[in-house]
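Some notes on the structure that comes next.
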Amino acid sequence: MKNKFVRGMLIYALVILTLGGIGLAVLWNYLQAYEDSRSLYVVSDFMDSLTVEKVIAGSEDLLSGLDLDIQSRASAEQVIRDACQEDFRAVKDPAASTENTLRYRICCGRQPIGSFTVMITDRGRFGLPHWSVTKTEFDLSYLRGQSVSLTVDARAEVRLEGKQLPERCRTATDIPYDLFAQFADVEGLPTQVTYTVENYLGTIQWQVLDQDGQDVTGQDYEAVFLKDNCPEKEAEHLKQTLETFVKRYIAFSGSTKSSARGNLANLRQMIVSGSPLYTRLASALDGLNFGQSIRDQLTELQYNHLIQLTEDLYFCDVTYLVDTTGKKGVVQTTNNMRLLVTTQDGGWKVQELSSY
């Protein structure tokens, strides 16, 4: 009897252990399947595998729309790398999620850079759901730079990333300098152009070179390209010409009826033949008949600009003080004049002038 009882207990214990083992195995498998069915693991695995290179690969639409004459592909990709220095993280979007579909934003630090969707794609053991990442999108359009423009002298060379900007980036040409505004009808004067660039990532670093290839980026471009550049010897001859012309111009402007034609003849000797300037001065003769000054005298002549524009064309800006004696005594006036001076018949002559 005792042996039968012991045997029975052993069999009972074995059955219990077997059933318990089967139950634990089933429970273990269920728990494992349950863990596998949780979407957070899919999200975690996806984020752990996310790299900057995958972000770049997923931004092809953005990269393919860039202007390679402005920014190289390698430079644009580096902008993305620099922008993705912080850790990636997933932020659930409750408004775009349902029971079977979960939507997440991909953020780099606090900056959203894309999104992905996690969906139930099938049912596994115990009818538990199996989640998969089914849609990934990247949006780094916030890195796209705004359209920017730069206005410089037409003779300047403008570069980006060491490459000269193409002509098609010129959005405006023949922009006059304020300094030459009074000579709008004169051909061959220096002008400005505007460059406009877009379709690039990050920020633009312009490089501007002058006619000699010197980097003048960020300087006062008008001062750079319209600086006084006359050689000393030519400058001296030019100053002598200007002084003589200004004196004759003052004499002509202060003419009376009896002296006007003679003063005009003297002035004409210093004006380019056939120039419209002489016609304009001659048309002023009638107005000089009412002159009341006794004597106009040049007291000071200042040379503000002496710029050689071409081989034989010079721009001059002068200020001169004149003492005028009239019925009320001596009055001093300050006058400003801009002139174009050229060479003709072996001498220096005025082509055009404007008082301001």
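The values are calculated or read from the model by the stated rules, or taken from the named source; none is laboratory data. Keep in mind it's a predicted model, so treat the numbers as computed, not measured. Counting neighbours? That spans all protein chains shown, and the Cβs are built from the backbone with ideal geometry, glycine included. What goes into the accessible areas is simple: the full protein's heavy atoms, side chains included, and nothing from ligands, DNA or RNA. Shrake-Rupley method; radii C 1.70, N 1.55, O 1.52, S 1.80 Å.
Just to be sure, is R89 in contact (Cβ under 8 Å) with a residue 40 or more places away in the chain and open to solvent by 40 Å² or more (accessible area, probe 1.4 Å)? So R89 fits the description; yes.
Every test in (1) more than 25 Å from V330 (Cα to Cα); (2) at pLDDT below 90; (3) surrounded by fewer than 16 Cβ atoms within 10 Å (Cβ to Cβ) is passed by S275 save one, and that test is (3). When the strands (runs of 3 or more DSSP E) confined to region 120-225 are screened for residues that are surrounded by 14 or more Cβ atoms within 10 Å (Cβ to Cβ) and in contact with an Asp or Glu (Cβ under 6 Å, 6 or more places away or on another chain), those reaching at least 1 such residues are found at 129-138, 191-197, 207-209.
Every residue in region 92-105 that is out of contact with any helix residue (DSSP H, G or I) (no Cβ under 8 Å at 6 or more places or on another chain), assigned to a strand (DSSP E or B) and open to solvent by less than 50 Å² (accessible area, probe 1.4 Å), please. Answer for region 92-105, where residues must be out of contact with any helix residue (DSSP H, G or I) (no Cβ under 8 Å at 6 or more places or on another chain), assigned to a strand (DSSP E or B) and open to solvent by less than 50 Å² (accessible area, probe 1.4 Å): just T101. Scan region 315-341 residue by residue and report those that are surrounded by 18 or more Cβ atoms within 10 Å (Cβ to Cβ) and touching an Asp or Glu at 6+ places or on another chain (Cβ under 8 Å). Result: Y320, V322, T324, M337, R338, L339, L340. Looking at the structure I just gave you, is E243 open to solvent by 80 Å² or more (accessible area, probe 1.4 Å), under 17 Å from K349 (Cα atoms) and outside any loop (DSSP other than H, G, I, E, B)? The answer is no for E243.
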